[in-house]
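*Asks:* After the structure tokens below, expect a handful of questions from me.
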Amino acid sequence: MFKITVAAAEQIKTASKEGGVEGMALRFEAKENQDGSYAYNMGFDNSKEQDVDMQCEGINVIIDPAYLPLLEETTLDYVELDDEEFHFVFSNPLDPTYIPPKQDEAES
């Protein structure tokens, strides 16, 4: 099941307020690249009839059913990376390029 962490949800809510799109759903897509890795997209959008709607940490999420198989085990997080800046990060064990977090990172 697709998940959003609390940190990511807080940043999404902030972005929706700053962008004047409060109340809009957040659409997610994933596509398989030629090398087998996954590419992810997200953006505020209106729901369409065929979309799967779900709530994740207070965020209305919409996903076209065509993308569900690639996103079903994905977690979206908002973390500080090596460049000491925060970024959205998609963690998906179905993605061939997925590297599980180190044990000490998973516990923090």
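*Asks:* Assess whether Ala15 counts as being in contact with a Gly (Cβ under 9 Å, 6 or more places away or on another chain), of a type in the set (A, V, I, L, M, F, W, C) and surrounded by 13 or more Cβ atoms within 10 Å (Cβ to Cβ).
*Replies:* no
*Asks:* Quick one: how many residues across segment 37-52 are assigned to a loop (DSSP other than H, G, I, E, B) and of a type in the set (A, V, I, L, M, F, W, C)?
*Replies:* Result for segment 37-52: 0.
Conditions (1) in a loop (DSSP other than H, G, I, E, B); (2) more than 25 Å from Thr97 (Cα to Cα), marked per residue:
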| site | (1), (2) |
| --- | --- |
| Met1 | yes, no |
| Glu10 | no, yes |
| Lys13 | no, yes |
| Gly23 | yes, yes |
| Arg27 | no, no |
| Asp35 | yes, no |
| Met54 | no, yes |
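*Asks:* Considering only residues that are among the acidic types (Asp, Glu) and exposed (fewer than 15 other Cβ atoms within 10 Å of the Cβ), look in segment 47-69 and name the one that is nearest to Glu22 (Cα to Cα).
*Replies:* Asp53
*Asks:* Among the residues of segment 70-87, is there at least one that is hydrophobic (A, V, I, L, M, F, W, C), assigned to a strand (DSSP E or B), surrounded by 12 or more Cβ atoms within 10 Å (Cβ to Cβ) and within 12 Å of the chain's Cα centre (by Cα)?
*Replies:* Within segment 70-87 (the criterion being hydrophobic (A, V, I, L, M, F, W, C), assigned to a strand (DSSP E or B), surrounded by 12 or more Cβ atoms within 10 Å (Cβ to Cβ) and within 12 Å of the chain's Cα centre (by Cα)), the answer is yes, since at least one residue qualifies.
*Asks:* Collect the residues in segment 1-23 that are among the hydrophobic types (A, V, I, L, M, F, W, C) and out of contact with any Ser or Thr (no Cβ under 7 Å at 6 or more places or on another chain), keeping them in residue-number order.
*Replies:* Met1, Ile4, Val6, Ala7, Ala8, Ala9, Ile12, Ala15, Val21
Just so you know, all these numbers are worked out from the coordinates, no wet-lab data involved. Keep in mind that this is a model prediction, so the values were computed, not measured. Please note: Cβ atoms are built from the backbone with ideal geometry, for glycine as well, and neighbour counts cover all protein chains shown.
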